[in-house]
Amino acid sequence: MEVSAQRLTARRGGPLRGRIKPPGDKSISHRALILGLLSIGETAIEGLLEGDDVLHTADVCRELGADVVRTGEGCWRVRGCGVGSLLAPRKTLDFGNSGTGMRLMMGVVGGHGITASFDGDASLRKRPMRRILDPLLLMGAEVLKQAEGGRCPLELKGASEPIPIEYRTPVASAQIKSAVLLAGLNSPGRTVVIEPEASRDHTERMLKYFGAGIEVESFGENGRKISLEGRPELRPAPIAVPGDPSSAAFVLVAATIVPGSDVIIESMMMNPLRTGLLTTLLEMGADVEINDRREEGGEEVADLRVRAAELRGVDVPAGRAPSMIDEYPILAVAAAFAHGQTRMRGLNELRVKESDRLEAVAAGLRAAGIEPRIIGDDLIVEGHGGDVPGGGLVATHLDHRIAMSFLCLGLASRRPVEIDDASMIATSFPTFRPQMERLGAQFA
């Protein structure tokens with residue numbers, strides 16, 4: 001069901017002060033539910049992100065045979081049916097706005113002898129699925145119906161005996177890699193994925209945590225080779241979901257650009273394949289203390305103390321993109337407040353997100369009085385040294401990260417910034433507004 005548009009305005013007020021705990025990591029939340037589905041027995045999850053995207057994945061797990069119950073705030077119980085024992089869904093699998101949920105579940109269905117129809121909202125219907133489907137077809141799955149260009153709505157018939165393959169991903173993509181590995185779980189042999197650049201490794205970590213036979217080794221200069229033994233009996237395991245660095249990113253940048261701010265971000269995941277934005281902000285001169293490093297749920301976490309700072313422009317290498325692909329919109333906001341030029345290289349993957357994020361970010365900056373340039377797949381922002389005009393209306397294109405990024409910009413610009421639709425923020429950070437307002441943010 002589509003939600004109606006909700007305009008929202010952010011304006012500059014006083015400094016941001018206080019403590020904030022970002023919602024549970026979205027990537028891990030999706031995978032926790034899916035691995036619970038594929039295990040035999042009960043998986044207890046704490047800190048699950050209860051945003052729309054993850055709730056759609058929970059509904060799909062129920063449709064495929066799992067008993068999924070919410071037992072408290074962020075606390076869920078999944079009683080799975082095991083690899084090879086999924087039920088054929090009785091209705092279309094609706095993923096709303098969640099590309100991650102859809103792509104991972106295509107891998108699950110593609111490796112089982114069931115047929116399922118996949119669909120989502122208007123934004124998700126625009127997003128390409130072909131590069132997820134290509135390896136699944138090699139494993140024996142069939143696409144029975146699809147919209148133009150391999151988009152949803154589509155119908156996928158999985159393979160009851162998935163062919164074990166060695167697959168080289170065309171780009172660094174955790175979603176492609178994960179889809180192949182999830183399909184390979186029901187294969188009678190060894191499935192191998194080779195990626196040219198290391199992408200998020202949550203699927204590999206979680207598969208190992210649930211008892212799968214999986215090996216990860218270096219491949220080439222920056223790549224990895226992942227080998228999975230098929231048909232494991234996955235064991236239920238308790239999961240504590242760490243704070244999402246992609247959601248914490250908005251607080252991190254807002255506290256950096258709003259004068260006088262001093263904010264503590266609690267329990268943020270510090271997986272090195274997810275901290276590209278933090279690395280870049282530190283290069284730009286951000287004032288961030290990293291405290292109390294520890295392990296929770298198989299992932300390293302830490303508390304960050306962030307204080308307002310003057311930033312300088314930097315050159316962000318293309319090789320950093322896999323570790324911060326969702327954070328470029330908010331990085332562009334930080335770049336607008338920096339002294340000098342920031343060049344973000346190799347952003348071709350932004351063109352296949354919830355929107356063409358590269359164009360959407362550039363348009364949003366123009367609405368706020370900044371004149372960026374796009375050269376090929378690079379975004380170049382000439383910073384205004386803390387004096388960003390603001391004053392415009394930003395088109396979000398049903399993209400939650402565009403929405404939150406430009407609301408953060410409005411908290412520090414001279415004039416207020418309005419976004420055309422805040423409704424989609426609920427897909428990943430449903431408590432964004434009240435949590436930010438408790439820190440002192442001015443929204444109306």
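For the range 214-234, the candidate set comprises residues that are touching a helix residue (DSSP H, G or I) at 6+ places or on another chain (Cβ under 9 Å) and closer than 13 Å to residue 35 by Cα; within that set, the residue that is surrounded by the fewest Cβ atoms within 10 Å (Cβ to Cβ) is 232.
In the range 169-182, the residues that are closer than 15 Å to residue 225 by Cβ form Cβ pairs under 8 Å with partners that are modelled with pLDDT under 95 and among the hydrophobic types (A, V, I, L, M, F, W, C), at six or more places apart or across chains, as follows: 172/198; 172/321. Scanning the range 41-52 for residues that are surrounded by 21 or more Cβ atoms within 10 Å (Cβ to Cβ), modelled with pLDDT of 95 or more and outside any loop (DSSP other than H, G, I, E, B) turns up 43, 45. Consider residue 442 carefully, then state whether it is closer than 28 Å to residue 121 by Cα, open to solvent by 10 Å² or more (accessible area, probe 1.4 Å) and among the polar types (S, T, N, Q). Spelling it out, it is not the case that residue 442 is closer than 28 Å to residue 121 by Cα, open to solvent by 10 Å² or more (accessible area, probe 1.4 Å) and among the polar types (S, T, N, Q). Checked against the criterion of being open to solvent by 20 Å² or more (accessible area, probe 1.4 Å) and out of contact with any Lys or Arg (no Cβ under 9 Å at 6 or more places or on another chain), the candidates 391, 386 yield just one match: 386.
The set of residues in the range 149-160 being in a loop (DSSP other than H, G, I, E, B) and out of contact with any Gly (no Cβ under 7 Å at 6 or more places or on another chain) consists of 149, 150.
Take the residues in the range 311-342 that are within 23 Å of residue 404 (Cβ to Cβ) and charged (D, E, K, R), then tell me which one is surrounded by the most Cβ atoms within 10 Å (Cβ to Cβ). So, considering only residues that are within 23 Å of residue 404 (Cβ to Cβ) and charged (D, E, K, R), the one surrounded by the most Cβ atoms within 10 Å (Cβ to Cβ) is 327. Inspection of the range 262-285 identifies no residue that is touching a His at 6+ places or on another chain (Cβ under 6 Å), surrounded by fewer than 20 Cβ atoms within 10 Å (Cβ to Cβ) and in contact (Cβ under 8 Å) with a residue 24 or more places away in the chain. Quick one: would you say residue 345 is surrounded by 23 or more Cβ atoms within 10 Å (Cβ to Cβ), closer than 24 Å to residue 286 by Cβ and within 21 Å of the chain's Cα centre (by Cα)? It is false that residue 345 is surrounded by 23 or more Cβ atoms within 10 Å (Cβ to Cβ), closer than 24 Å to residue 286 by Cβ and within 21 Å of the chain's Cα centre (by Cα).
The values are calculated or read from the model by the stated rules, or taken from the named source; none is laboratory data. What you see is a predicted model; the values in this text were computed from it and never measured. Positions of Cβ are backbone-derived with ideal geometry, glycine not excepted, and every protein chain shown enters the neighbour counts. All accessible areas refer to the heavy atoms of the entire protein, side chains included, with ligands and DNA or RNA removed. Shrake-Rupley method; radii C 1.70, N 1.55, O 1.52, S 1.80 Å.
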